[in-house]
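Shown next, in structure tokens, is the structure this report addresses.
The values are calculated or read from the model by the stated rules, or taken from the named source; none is laboratory data. The model shown is predicted, which means the values in this text are computed figures rather than measured ones. Surface areas here come from the heavy atoms of the whole protein model, side chains and all, with no ligands, DNA or RNA. Shrake-Rupley method; radii C 1.70, N 1.55, O 1.52, S 1.80 Å.
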Amino acid sequence: MGDIGALVEIEAQLRRLGFAGKITESKQLSPRELSSDLVLVGGPVANAVTRTMMAKLRGTTSYDFAEDPEHEAAMVQDLRTGRLLIPQYDESGYPVSDHALIIRTPNPLAPDTSELVIVAGCFEHGTEAAAEKLGDQKFLRRLKKMKHFEALVETTVVNGAHYNTKLVETRHISAGSGGPRHADDRLRRQRPLRRDEAEPIPVRKTITLVGR
């Protein structure tokens, strides 16, 4: 239920901000929609579009997902240091912690016109925790001056639910590494931002949310 919960959480955030969130499955996404404003929910194991976009973003982002063959799952890799961030497991092999990434960058298939947000955990627990963090005002204030960024999130898992979600680190994605910025930032929110608000999501009126 984690990825579904994350989709519901993000769709509610968009609605509160006056946007329409169009939810679709990754396998139903058209070629034209791939180059539009997208919010991808779910990691590369569950979501084929996340897998495609993460591959396109190599060289732009400093975090990526890698395969954990021991647990037949994903883990986060810090490409700067080579460090592997592996979820912790109990004796039965069930995860008791999870890591997730929140990434906002120009859509690599249309960097001049479209934005891309990825909300993805190694498991669904991390995905849902990251989706909730995306709506946290403290988190948004921290990212207020970062239009494009990547954030690492960690959460504790107990009986299938996530708790105590922590923001581990945020990194700025520069215009040079993430592709050109929008010409004169022409894609603007229809209402002005309050001083305590950031802009963690794309800014068109209708945004496609892509689940597994």
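Take the stretch 1-159 with all the other protein chains still there, run a 1.4 Å probe, and you get 45 Å² of accessible area per residue.
For the stretch 8-91, give me the percentage of DSSP beta bridges that are antiparallel, rounded to the nearest 5 percent. Looking only at bridges with both residues in the stretch 8-91, the antiparallel portion is about 90 percent. Computed from backbone phi with θ = phi - 60° and the Karplus coefficients 6.51, -1.76 and 1.60, the 3J(HN,Hα) list for the stretch 72-80 is 6, 9, 9, 9, 8, 10, 8, 6, 6 Hz; x is used for glycine and proline. A simple rule links phi to the HN-Hα coupling: the Karplus curve 6.51 cos²θ - 1.76 cosθ + 1.60 with θ = phi - 60°, which for the stretch 139-148 gives 4, 5, 5, 5, 9, 3, 9, 10, 6, 10 Hz, with x for Gly and Pro. Amide H contacts for A74 (H built 1.01 Å from N in the peptide plane; partners 5 or more residues away or on another chain; cut-off under 5 Å): D68. Within a straight-line Cα-Cα reach of under 27 Å, K22 can be paired with the following lysines, leaving aside sequence neighbours fewer than 8 residues apart in one chain: K56, K133, K138, K144, K147, K205. Residues in the stretch 100-107 carry Karplus couplings, in order, of 8, 10, 10, 10, 10, 7, x, 4 Hz; the curve used is 6.51 cos²θ - 1.76 cosθ + 1.60 with θ = phi - 60°, and Gly or Pro positions show x. Amide H to amide H distances under 5 Å link H148 with I173, where only residues 5 or more positions off or on other chains count and H is placed in the peptide plane. Per-atom-type breakdown for the stretch 1-157 gives carbon and sulfur 50% of the accessible area (1.4 Å probe, protein chains only). Put simply, the amide H of S35, placed in the peptide plane, has no neighbours under 5 Å, leaving out anything fewer than 5 places away on its chain.
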